[in-house]
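Structure first, commentary second.
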Amino acid sequence: MKKTIIAVTTAALVSSLAVTSADAASYRVKSGDTLSGIAYKYDTSVSKLKSWNDLTSDMIYVNQVLEVSGTTSSSAKTYTVQSGDYLSKIGQKFDVYVAELKEWNNLSSDVIHPGQVLKVSASGDTTTQPKPAMNGSTYTVQSGDTLSHIAARYDVSISQIKSWNGLKSDTIYVGQKLSMGGTTSDGGDSSQTSNVVDVAKKYIGTPYKWGGTTPSGFDCSGFIYYVFNQAGTSISRTNTEGYYSKSTAVSNPKPGDLVFFKNTYKSGISHMGIYVGNGEFVHASDSGVVVSKLNNTYWSPRFAGYRTF
């Protein structure tokens, strides 16, 4: 009886105001597939795939049919704030940005209270809008803008915007022009770097292995070593700090350039991956080779810059 009451209560927290919805697209799992690989293929996230398919783990099996897009509705989904909730926690739960939650709910601050009903999806047309152009473009700050809002719009991290514009704090002002891609130098040769990305994507789903340098298992620097050598760029095996010192900084990255992070499992430069474009990078995480977003709440504050060999 208690389970029934809990289930009903939980279901009542998230409600759809839509009357009609469109059928979701589906995908049949093939040998070698992983959730992260399927998520990348359909430009979505692992958390959304698990939500749409009621999965409690990352385990999938051959011939399993998965929904790979959510149903579209004419109205927004809502969530009732619970004690202990805060915007970033709700954003992570529904895989949306804090800036989006504030925009959809006309919030001028991060303050919310229990019992408050929040929209957790956009109303109306859910067609994906093209992201603004990067490559050194500029953005003029508007009234109500925040760095997190602008970062979400351009699919970049707050630390990137601060780096490109020499900002020491998150304070910005109306009319300020912000560089949204950096202009000081370009990444590596486009033909070489695109080949690096093609090779790297082949190994999405490969398990993590400390010190690993082969498709049986990679660590983050071992993944870089293997991929670049397979792509025709001969590099020696070293660690993340070693690759950082052997590479050159770039502020206008191209797919195939390196992305570095600091203060993950140790202080200083401690993790790296390969930039694939659109604010995403492929890397050997502790859960295996995956594609992640640079403006992810974990990676964004640890971003240490782009570099190229």
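Yes/no matrix, rows are residues, columns are (1) among the hydrophobic types (A, V, I, L, M, F, W, C); (2) over 29 Å from Lys168 (Cα atoms); (3) at pLDDT 80 or above:
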residue	(1), (2), (3)
Ser88	no, no, no
Gly91	no, no, no
Asp95	no, no, no
Glu100	no, no, no
Leu107	yes, no, yes
Ser121	no, yes, no
Ser137	no, no, no
The one condition Val197 fails out of (1) over 18 Å from Asp33 (Cβ atoms); (2) of a type in the set (A, V, I, L, M); (3) touching a helix residue (DSSP H, G or I) at 6+ places or on another chain (Cβ under 6 Å) is (3)
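Between Ser21, Ser69, Ser45, which is modelled with pLDDT under 50, of a type in the set (Gly, Ala, Ser), within 23 Å of Leu118 (Cα to Cα) and not assigned by TED's automatic domain parsing to the domain that holds Tyr275?
Details: Ser69 fails: modelled with pLDDT under 50; Ser45 fails: modelled with pLDDT under 50.
Among Ser21, Ser69, Ser45, only Ser21 is modelled with pLDDT under 50, of a type in the set (Gly, Ala, Ser), within 23 Å of Leu118 (Cα to Cα) and not assigned by TED's automatic domain parsing to the domain that holds Tyr275.
Pick out the one residue from Val29, Val62 that is touching a Ser or Thr at 6+ places or on another chain (Cβ under 8 Å), at pLDDT 70 or above, outside the structural domain of Thr206 (by TED's automatic domain parsing) and β-branched (Val, Ile, Thr).
Working: Val29 fails: touching a Ser or Thr at 6+ places or on another chain (Cβ under 8 Å).
Testing whether each residue is touching a Ser or Thr at 6+ places or on another chain (Cβ under 8 Å), at pLDDT 70 or above, outside the structural domain of Thr206 (by TED's automatic domain parsing) and β-branched (Val, Ile, Thr) leaves just Val62.
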Residues that are among the hydroxyl-bearing types (Ser, Thr, Tyr), modelled with pLDDT of 75 or more and in a loop (DSSP other than H, G, I, E, B): does the range 183-205 have at least one?
yes
Hits in the range 82-115 - residues which are in a loop (DSSP other than H, G, I, E, B) and aliphatic (A, V, I, L, M)
Val96, Leu107, Val111, Ile112
Among the numbered criteria (1) at pLDDT 80 or above; (2) assigned to a loop (DSSP other than H, G, I, E, B); (3) more than 30 Å from Gly305 (Cα to Cα), which one does Tyr79 miss?
(2)
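The values are calculated or read from the model by the stated rules, or taken from the named source; none is laboratory data. Given the structure is predicted, the values throughout are model-derived calculations rather than measurements. Reconstructed Cβ throughout: ideal geometry from the backbone, glycine too, with neighbour counts over all protein chains shown.
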